[in-house]
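The values are calculated or read from the model by the stated rules, or taken from the named source; none is laboratory data. This is a predicted model, so every value here is computed, not measured. Cβ: placed from backbone, ideal geometry, glycine included. Neighbour counts: every protein chain shown.
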Amino acid sequence: MKHDLFRKKSIAAMMKESGDSAGGLKRTLSAANLVTLGIGAIVGTGIFVVTGQAAAQYAGPALTISFLISAFGCVLAGLCYAEFSAMIPVSGSAYSYSYATIGELLAWFIGWDLILEYLFAVSSVSVGWSGYMCNLLSSLGMALPPHLVQSTFDHVAGQGWVFTGSIINFPAVFIVALVTSLLLAGVKQSALINNIIVVIKVSVILLFIGFGLSYIDMSNYHPYIPENTGQFGSFGWSGILRATAVVFFAYLGFDALSTAAQETKNPQRDMPKGILISLLICAVLYIAVTAVLTGMVNYKELNVDAPIALAIDRAGANLRWLSPFIKLGAIAGISSVVLVMMYGLTRIYYAIAHDGMLPRMFSKVNPKTGVPQNATLFAGIGCGLVAGLFPLHALVEMVSIGTLMAFAIVCISIIVLRKTQPDLKRPFRVPLVPFIPLLGAGICILQMVSLPWSTWLRLIIWTAAGLAIYFLYGRRRSRLNKK
């Protein structure tokens with residue numbers, strides 16, 4: 001077939017499949033569940049881990065500018081996600097949207113990209129969780145052996161991949177296994193636990209902001225934009241841009257939220273609310289925490305796995321009582337990110353397998369729990385291996401480039417669908433099309449360009465592997481091909 005690479009799945013067919021509850025996913029989530037799922041996914045490693053590392057390596061106190069730029073780009077992309085998720089309320093996120101607008105090959109490409117995004121997101125968040133858990137255990141005199149808390153491999157500039165001497169990052173593997181077990185119990189139970197965790201971690205963040213304000217040393221803000229070292233991305237304005245691309249990872253949650261559309265009671269009304277409200281709440285929290293953190297501790301000292309815990313410890317005896325609450329809140333908060341990201345990954349596997357381009361075993365749903373059981377188990381094994389073997393800094397940049405690419409494609413797809421199918425019912429509409437989608441795509445592409453060549457090389461290798469799978473397996477097995 002001459003044009004089979006660009007064959008499209010009709011939106012009517014998608015809607016019919018999503019409405020067929022027999023043997024499929026169950027609609028159990030409310031608008032409140034969506035907002036807390038969004039906050040649960042967004043507020044985690046980005047705020048508890050990546051803030052410190054991005055400030056220390058790239059932007060200094062000007063990381064607040066990076067978060068503002070990222071937030072602006074996310075709001076633009078979020079508007080596009082909101083239109084799609086209300087119009088096509090199915091599992092699969094940007095993969096499904098691309099399948100309906102720009103064809104099968106590019107849909108596979110973005111689906112494969114989303115697998116990369118969520119696989120490395122779950123893994124990196126789990127490594128962040130491990131850092132806080134090890135910090136807490138050490139403060140209680142229960143430190144784990146070094147060969148069980150570090151990644152097996154590390155990537156060193158100028159040397160490439162090196163063996164660290166550690167066996168595996170055991171706490172990171174443990175949290176992946178725990179979350180996998182929880183997801184197998186069912187999405188309703190998972191959402192309830194996530195709601196409780198969100199209340200805990202937002203309370204802890206507000207405590208840190210409130211009490212931390214009194215311990216800010218204004219000298220830590222000077223220079224606000226550290227002078228560039230002569231290398232692109234190392235402080236100065238290029239450092240702010242590089243940090244923007246890295247901390248974009250911190251806003252990943254609303255993307256994961258869109259994978260819940262097929263399990264939402266009233267997706268046309270509630271998906272836009274869930275995406276935009278959770279995104280705005282988290283943007284405010286991120287900027288506030290970054291400002292307090294870089295004011296409490298000099299940015300040069302923040303390149304650690306638990307920067308907020310470090311800031312509390314540095315504040316002295318008067319604030320030390322808050323330290324265990326911060327650490328427990330971080331552990332609980334990061335746990336919910338692992339939960340929602342893993343949930344997103346399993347639904348991507350489910351959606352692609354349902355279309356025939358991955359083995360159909362991943363689309364089988366447990367009739368009792370309404371969970372794609374095989375997809376969940378496979379996701380848990382893959383994420384556990386990556387989390388145990390690889391370091392945080394290499395994982396975060398892979399997540400960022402995958403996320404940015406997905407956002408750019410969704411923004412462009414809005415323009416394509418407005419031109420090709422202008423009469424479709426759109427419960428939520430992006431304003432000022434094509435200006436807002438083009439601006440959103442442009443900001444995403446600009447941030448991708450600022451990432452290092454090593455990250456691009458890994459993306460190219462991943463993409464090549466994905467294209468090989470598509471042409472050798474997915475193209476022939478696609479349900480549209482069989483039709």
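Some observations on this one:
- Here Ala243 passes the criteria (1) in contact (Cβ under 8 Å) with a residue 12 or more places away in the chain; (2) farther than 30 Å from Gly92 by Cβ; (3) out of contact with any Leu (no Cβ under 6 Å at 6 or more places or on another chain) except the one numbered (3).
- Search result, residues across the range 325-350 that are out of contact with any helix residue (DSSP H, G or I) (no Cβ under 6 Å at 6 or more places or on another chain) and of a type in the set (Gly, Ala, Ser): Ser335
- Search result, residues across the range 433-452 that are of a type in the set (Val, Ile, Thr) and surrounded by 14 or more Cβ atoms within 10 Å (Cβ to Cβ): Val433, Ile436, Ile443, Ile445
- For Leu63, the stated conditions hold: it is of a type outside the set (Phe, Trp, Tyr), in a helix (DSSP H, G or I), touching a helix residue (DSSP H, G or I) at 6+ places or on another chain (Cβ under 7 Å) and buried (at least 24 other Cβ atoms within 10 Å of the Cβ).
- As for the range 453-465, it holds at least one residue that is surrounded by 17 or more Cβ atoms within 10 Å (Cβ to Cβ), over 22 Å from Glu83 (Cβ atoms), of a type outside the set (Lys, Arg) and touching a Leu at 6+ places or on another chain (Cβ under 7 Å).
- Single unsatisfied condition, Leu285 versus (1) under 30 Å from Tyr97 (Cβ atoms); (2) at pLDDT below 85: (2)
- Qualifying residue in the range 200-222 (condition: outside any helix (DSSP H, G or I), at pLDDT below 90 and of a type outside the set (Val, Ile, Thr)): no
- Residue check for Tyr251: modelled with pLDDT of 90 or more and hydroxyl-bearing (Ser, Thr, Tyr): no
- Only one of the listed residues (Ile200, Ile196) is among the β-branched types (Val, Ile, Thr) and without any contact (Cβ under 8 Å) to a residue 60 or more places away in the chain. That residue is Ile196.
- A count restricted to the range 400-432 and to residues that are of a type outside the set (A, V, I, L, M) and surrounded by 16 or more Cβ atoms within 10 Å (Cβ to Cβ) stands at 10.
- Of the residues making up the range 195-216, those that are β-branched (Val, Ile, Thr) and under 23 Å from Tyr299 (Cβ atoms) are Val204, Ile205, Ile209, Ile216.
- Options Pro359, Pro367: the member that is out of contact with any helix residue (DSSP H, G or I) (no Cβ under 9 Å at 6 or more places or on another chain) and farther than 18 Å from Glu117 by Cβ: Pro367
- Lone qualifier among Pro223, Pro272, Pro267 - being in contact (Cβ under 8 Å) with a residue 12 or more places away in the chain, out of contact with any Phe, Trp or Tyr (no Cβ under 7 Å at 6 or more places or on another chain) and crowded, with 20+ Cβ neighbours inside 10 Å: Pro267
- Scanning the range 260-269 for residues that are among the charged types (D, E, K, R) and either more than 12 Å from Thr28 (Cβ to Cβ) or outside any helix (DSSP H, G or I) (or both) turns up Lys265, Arg269.
- Taking the range 226-243 as the range and being surrounded by 13 or more Cβ atoms within 10 Å (Cβ to Cβ) and in a helix (DSSP H, G or I) as the test, the residues that pass are Gly236, Ser238, Gly239, Ile240, Leu241, Arg242, Ala243.
Each row is one residue, and each column tells you yes or no for (1) at pLDDT below 85; (2) closer than 30 Å to Gln189 by Cα.
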| residue | (1), (2) |
| --- | --- |
| Gly370 | yes, yes |
| Phe378 | no, yes |
| Val430 | no, no |
| Leu472 | no, no |
| Ser478 | no, no |
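- Members of the range 324-380 that are over 24 Å from Asn33 (Cβ atoms) and of a type in the set (D, E, K, R): Lys327, Asp355, Arg360, Lys364
- Number of the condition not met by Pro391 [criteria: (1) in contact with a Phe, Trp or Tyr (Cβ under 9 Å, 6 or more places away or on another chain); (2) closer than 30 Å to Gly165 by Cα; (3) at pLDDT 85 or above]: (3)
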